[in-house]
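FYI, it's all coordinate maths here, none of it is from the lab. Keep in mind that what you see is a predicted model, and the values were worked out from it rather than measured. We place every Cβ from the backbone using ideal geometry, glycine too, and count neighbours over all the protein chains shown.
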Amino acid sequence: MGVKINVTVNGKAYSHDVEPRTLLVHYLRDTLLLTGTHVGCDTSSCGACTIHVDGIAAKSCTMLAVQADDCEITTIEGMAKGSDMHPLQEGFKECHGLQCGFCTPGMIMSSADLLSKNPNPTEDEIRHALEGNFCRCTGYHNIVRAVQYAAEKMAVEV
Amino acid sequence: MIPASFEYKRARSVKAAIELLADGNAKVLSGGHSLVPALKLRLNQPEMLVDIARIASLKGIKVSGKELVIGSTTTHQEIASSDIVKEHLSILAEGAGAIGDVQVRNKGTLGGSLAHADPSADWPALVLVSNAKVVLEGSGGERTLNAADFFTGFFSTALASDEIITEIRFPIPAKGTKSTYQKFVQPASRFALVGCAAMREPSGETRVAFSGVADAAFRDTGIENAISGKTLTAENINHAVSDTAKGQDIMSDHYASEEYRVHLAKVFAKRALMALA
């Protein structure tokens, strides 16, 4: 019944037999124990489960694990370099871009996708890029500031 | 939510996919952004999924003669960001960019959306307004359908159970053709509560198609006949949209009543025609 998949997650190679109906988010959370990726709405609306599949943002609650076979995945756990936070993580901390924190991993993964394509986004572009991520605490303003903070910091680093 | 069990097969070619589909209760998986939600809700419980996402011949955007040809597994994002699409048929890039959100556009595919035929999806109005042809391949060979003949009703298409959509062929409109896609977004799902696609050729021939309004996307021939060849003045537009969606089976749900949908359809038809003026 199981189907063998090979995936690279945060730079580490894994190989597992999975049931075809296993959702990618459950594979990440329950098999690889990477619980930073959250299940929010479970209907591909809220974006809490956002990860990168081959470098682009995707909702892992709406992908089957078998669809990720041979793919490179990055989750929130893969963003920091050792104890150095990713500029987006730092931005969310410095700008108070979170309150309960549930949406934050997805927000950061979507923002990272945006900054990889558009390193210097306008406020409008940031808000547009985060349409697929819901936050029920902050009212989004500080999230936008966090992304702007990261964009500025990443521009200096380059 | 966990789907019911199914067998998973990845097809390496169109031929292999069709052979697998001939086996019975199977569904085609591409980006999965219509199918996986349906599986999770157990609205659909196929015995097998045939994954066509990695068949190279089904992906890509090219110009062939007087047509823009888009492979069925091309994602919304690939279409929205394509320079070829922007140059030859910009309404497709505009419409694809209005679908869902970034993550959904990154995974969802043109062919998947058409096969699912959600009456509130954006693609049906876009393929109808652009007079596209849908190319299908099955055990009986290849056939090409006009978009208008492809959609047969509520979540229904002419696609047989052993057929897959291989490509969509869009006629490249005459130079000077104007187009627009005006969408009223359902704010949670980001589907079209009303989506109005409109195109006007230099000859004055005007086409208008709607998603979200009726049980299936449709061309509004009432508006088209009333405005084609006429100047796009406020008076002519108001007259043309007065019977918007006439004769259609209008949807009504907890987001929008029948009356409100028809009202919105008129407003968005008007905005679309004004944008073409």
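Our coupling estimate for the range B:141-151, obtained by passing each phi through the Karplus curve with A = 6.51, B = -1.76, C = 1.60 and θ = phi - 60°, is x, 9, 9, 10, 10, 5, 3, 4, 8, 6, 7 Hz, Gly and Pro reported as x. When you work out D = kT/(6 pi eta Rh) for the range B:7-51 at 25 °C and 0.890 mPa s, using the Kirkwood radius from C-alpha pairs as Rh and the Stokes-Einstein form, the result is 230 µm²/s.
Remark: the range B:178-276 carries a charge dipole of roughly 400 debye about the Cα centre, counting +1 on each Lys and Arg Cβ and -1 on each Asp and Glu Cβ. Going down the list A:12/B:59; B:27/B:266; B:66/B:178; B:27/B:66; A:117/B:40, which pairs span over 27 Å between their C-alpha atoms? The pairs that break the limit, which is 27 Å between Cα atoms, are A:12/B:59; B:27/B:266; B:27/B:66; A:117/B:40. Relative to the longest principal axis of the Cα atoms of chain B, helix B:258-276 runs at roughly 70 degrees. Per-residue Karplus couplings for the range B:192-206, computed as 6.51 cos²θ - 1.76 cosθ + 1.60 with θ equal to phi - 60°, are listed in order as 7, 6, 9, x, 10, 9, 9, 9, 9, 7, x, 5, x, 4, 10 Hz, Gly and Pro entered as x.
Report summary: the helix-based calculation at 222 nm, which adds -39500 (n - 2.57) for every DSSP H run with n ≥ 4 and divides by the residues of the protein assembly as shown, gives -8500 deg cm²/dmol. Taking the charge dipole of the range A:24-158 about its Cα centre, with +1 at Lys and Arg Cβ atoms and -1 at Asp and Glu Cβ atoms, the residue from A:116, A:67, A:133 reaching farthest to the positive side is A:133.
The angle between the Cα long axis of helix A:141-157 and the longest principal axis of the Cα atoms of chain A comes to about 90 degrees, rounded to the nearest 10. When only the Cβ of Lys, Arg, Asp and Glu is charged (+1, +1, -1, -1), the dipole of the range A:1-83 relative to its Cα centre reaches about 160 debye. Here's how it looks for residue A:3: its modeled amide H is under 5 Å from those of A:18, A:19, which are all 5 or more places away or on a different chain. The H on the amide N of residue B:191, modeled in the peptide plane, is under 5 Å from the matching H of B:186, each at least 5 residues off or on a different chain. Taking amide H atoms as placed 1.01 Å from N in the peptide plane, the amide H of residue B:7 lies under 5 Å from those of B:48, B:49, each 5 or more residues away in sequence or on another chain. In plain terms, the residue of B:210, B:154, B:268 with the fewest other Cβ atoms within 10 Å comes first and the most crowded comes last, giving B:154, B:268, B:210. Given a cut-off of under 8 Å on Cα pairs at least six residues apart, what relative contact order in percent is computed for the range A:7-87? Once normalised by length, the contact order is 37 percent. Summary value for chain A: 24 percent relative contact order, contacts being C-alpha pairs under 8 angstrom separated by 6+ residues. The charge dipole of the protein assembly as shown, taken about its Cα centre with unit charges on the Cβ of Lys, Arg, Asp and Glu (plus for the first two, minus for the last two), comes to roughly 440 debye.
Taking label points 7 Å from Cα along the Cα-to-Cβ direction, residue B:143 and residue B:221 give a separation of 2.2 nm. For the range B:210-220, 3J(HN,Hα) computed residue by residue from phi via the Karplus equation (6.51, -1.76, 1.60; θ = phi - 60°) reads 10, 10, x, 8, 10, 5, 8, 4, 8, 8, 8 Hz, glycine and proline entered as x. Relative contact order, whole percent, for the range B:86-226 stands at 26, derived from Cα pairs under 8 Å and 6 or more residues apart.
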